[in-house]
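Reviewing the structure listed below.
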Amino acid sequence: MNTTEKITIYYFSATGNSLKAASDIASLYTQSELVKISRKATPQHPDSTSVGFVFPVYMGGVPDIVIDFLKGFPFRKDTYYFSIATYYTYKGSAISVVNKILNDKGFALSYGNYIPTVGNCLKEYEVPASKRPSILKKADAITTDIANEIKAKIEKQPSPYCRLSDKIHKGLFNIFFKDTHKKFTLENNCTGCGMCSKVCPVDNISITDKKPVWGVNCESCHACVHWCPGNAINLGKSKGRLQYNNPDIKAGSLF
């Protein structure tokens, strides 16, 4: 059943998991707004009494683009703020980090939670195709429960922020993903179609002489690797591994 209250959800998504979660939550409202987190515009507070932030967990932490967005967001009183993080095997303390950012501004999350789903870090691992349907089915069920709790404005505080944990997660991310933009390689079947450039959430890929060129602002999201129609982009150990994108999300919705 839809509610007449308006909700705005800001999301960061590379292969569609976080966008799917945000869309499912928004579907319970007759008035909803989904906004892609971007570095291009200064965040503005919407005319909504419920505002959410949905993103994938990066090595137990929060993507830099999301952190920067939250630090610049003009939070205000009398708003139900929530945050949802999607993850594969390790959720870390991402929601606690988000809450810490709000705390530093004199605010707090009303609700925080996690959704386990199919991971997309082909640089490090591949989720077998046979396991994906059951993982996604469970993710959908958890998302439904979370959406109903958010609609009811349930209060669910995240665990206390731990500076050491946050430092460890940031350190691990830097170890595994430092200078990612230098580590992409191309197969000969690259056609220069430009799909990688279109799905890049930070416009970090340009097409030169019909080949992608990565700039220095890579978010290590793997969108370019997974959405390439010819599976022609490699990163680390990704060569030969099965691509993934959420089956309910089309590439065009991420442009």
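Checked against (1) more than 19 Å from Asn113 (Cβ to Cβ); (2) in contact with a Pro (Cβ under 8 Å, 6 or more places away or on another chain), Phe12 passes all but condition (1). Yes or no: region 97-104 includes at least one residue that is of a type outside the set (Lys, Arg) and assigned to a loop (DSSP other than H, G, I, E, B). There is no residue in region 97-104 that is of a type outside the set (Lys, Arg) and assigned to a loop (DSSP other than H, G, I, E, B). Listed by first and then second residue, the pairs linking a residue in region 178-196 that is exposed (fewer than 12 other Cβ atoms within 10 Å of the Cβ) to a residue that is among the aromatic types (Phe, Trp, Tyr) and not in a loop (DSSP other than H, G, I, E, B), with Cβ atoms under 8 Å apart and 6 or more places separating them unless they lie on different chains, are Lys182/Trp214. In the set (1) of a type in the set (D, E, K, R); (2) surrounded by 13 or more Cβ atoms within 10 Å (Cβ to Cβ); (3) farther than 23 Å from Ala22 by Cα, Arg163 fails one condition alone, (2). Screening the candidates Val66, Val51 for the property of being crowded, with 21+ Cβ neighbours inside 10 Å, in the same structural domain as Ser93 (by TED's automatic domain parsing) and within 22 Å of His222 (Cα to Cα) yields one hit, Val66. Is at least one residue of region 61-79 under 19 Å from Ala139 (Cα atoms) and touching a Ser or Thr at 6+ places or on another chain (Cβ under 8 Å)? Looking for residues that are under 19 Å from Ala139 (Cα atoms) and touching a Ser or Thr at 6+ places or on another chain (Cβ under 8 Å), one finds none in region 61-79, hence no. So which residues in region 210-220 are under 26 Å from Tyr125 (Cβ atoms), of a type in the set (A, V, I, L, M, F, W, C) and touching a strand residue (DSSP E or B) at 6+ places or on another chain (Cβ under 8 Å), if there are any at all? Trp214, the sole residue that qualifies.
Taking the conditions (1) under 30 Å from Thr4 (Cα atoms); (2) among the small types (Gly, Ala, Ser); (3) within 17 Å of the chain's Cα centre (by Cα) in turn, Ala152 satisfies each one other than (3).
The values are calculated or read from the model by the stated rules, or taken from the named source; none is laboratory data. These numbers come from a predicted model, not from an experiment. Cβ coordinates were reconstructed from backbone atoms using ideal geometry, including for glycine residues, and neighbour counts include every protein chain displayed.
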